[in-house]
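The values are calculated or read from the model by the stated rules, or taken from the named source; none is laboratory data. It should be emphasised that the depicted structure is a prediction, and the values quoted were computed from it without experimental measurement. All Cβ positions, even for glycine, are placed from backbone atoms using ideal geometry, and neighbour counts span all protein chains on display.
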Amino acid sequence: MLIDQLNIDIIRQLRDGRKSFKKIADVLGITENTVRSRVNKLVEEGILNFTGNVDPEALKGHRLLYLGVKLSDLDISRKGEDFCRLPGVVSAAIVTGRYDLILQVLLNDEFNLLEFITEHAAKIDGVQTVESFIVYKGFNLKVPYIL
C-alpha cells in the first residue's frame, strides 16, 4: 500500500492512540468513515498497529538496552527474525556500520543480561560478537511491555 499524504496526516493524529476517528476527521476535514477505512487498511497491511508503550525508567527493576550483534555469515534477515522471537526483544534492525544487527531489549530483575546472552542469544548460530549498551536515561523513549 502506498502511504499518501492523507495517510500520513491520519497517522500523525494517531500519535494520541486514544483520539477518536471523529476528532481526527474534524481536524483533517474529512469523514469519519474515511479515517476508519484508511486506519483499518493500514492495520490489515501491517503498516500500523496500536500498542500501549511505557517509559522503561518508570518500571521498577527494569532496564532497556541495545545490543550490537556481529554475525559470522550473511544470513542477516533470518537472524534478525530469529532474534525477534527471543524473550525481551522489543525490536531488531539490520544496520550499517560495525554491527549487522541492533537489538532493543527489555530486561528485569528476573531476566537479566547475562541470562539473555548465555541462554538465548547464544543459541542463535552465527553470532560472532555481542556488545551491550545499557540505557541509563532515555528521551522520548517508550516501548511496549513485553515481559
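Points worth noting:
- Single match in K137, K123, K79 (criterion: of a type in the set (K, R) and within 17 Å of G61 (Cα to Cα)): K137
- Subset of the range 41-69 (residues that are surrounded by 12 or more Cβ atoms within 10 Å (Cβ to Cβ) and over 18 Å from the mean Cα position of the chain (by Cα)): K41
- Residue within the range 4-18 that is of a type in the set (G, A, S) and either without any contact (Cβ under 8 Å) to a residue 24 or more places away in the chain or closer than 16 Å to S132 by Cβ (or both) present: no
- Scope the range 15-64; condition closer than 30 Å to Y136 by Cα and assigned to a helix (DSSP H, G or I); matching residues: P56, E57, A58
- Pairs, first assigned to a strand (DSSP E or B) in the range 82-97, second surrounded by 13 or more Cβ atoms within 10 Å (Cβ to Cβ) and among the small types (G, A, S), C-beta under 7 Å, six or more apart: A92/G80; I94/G80
- Per this entry, N49 is counted among residues that are modelled with pLDDT under 95 and outside the structural domain of N140 (by TED's automatic domain parsing).
- Some residue of the range 123-133 being closer than 26 Å to F50 by Cβ and assigned to a strand (DSSP E or B): no
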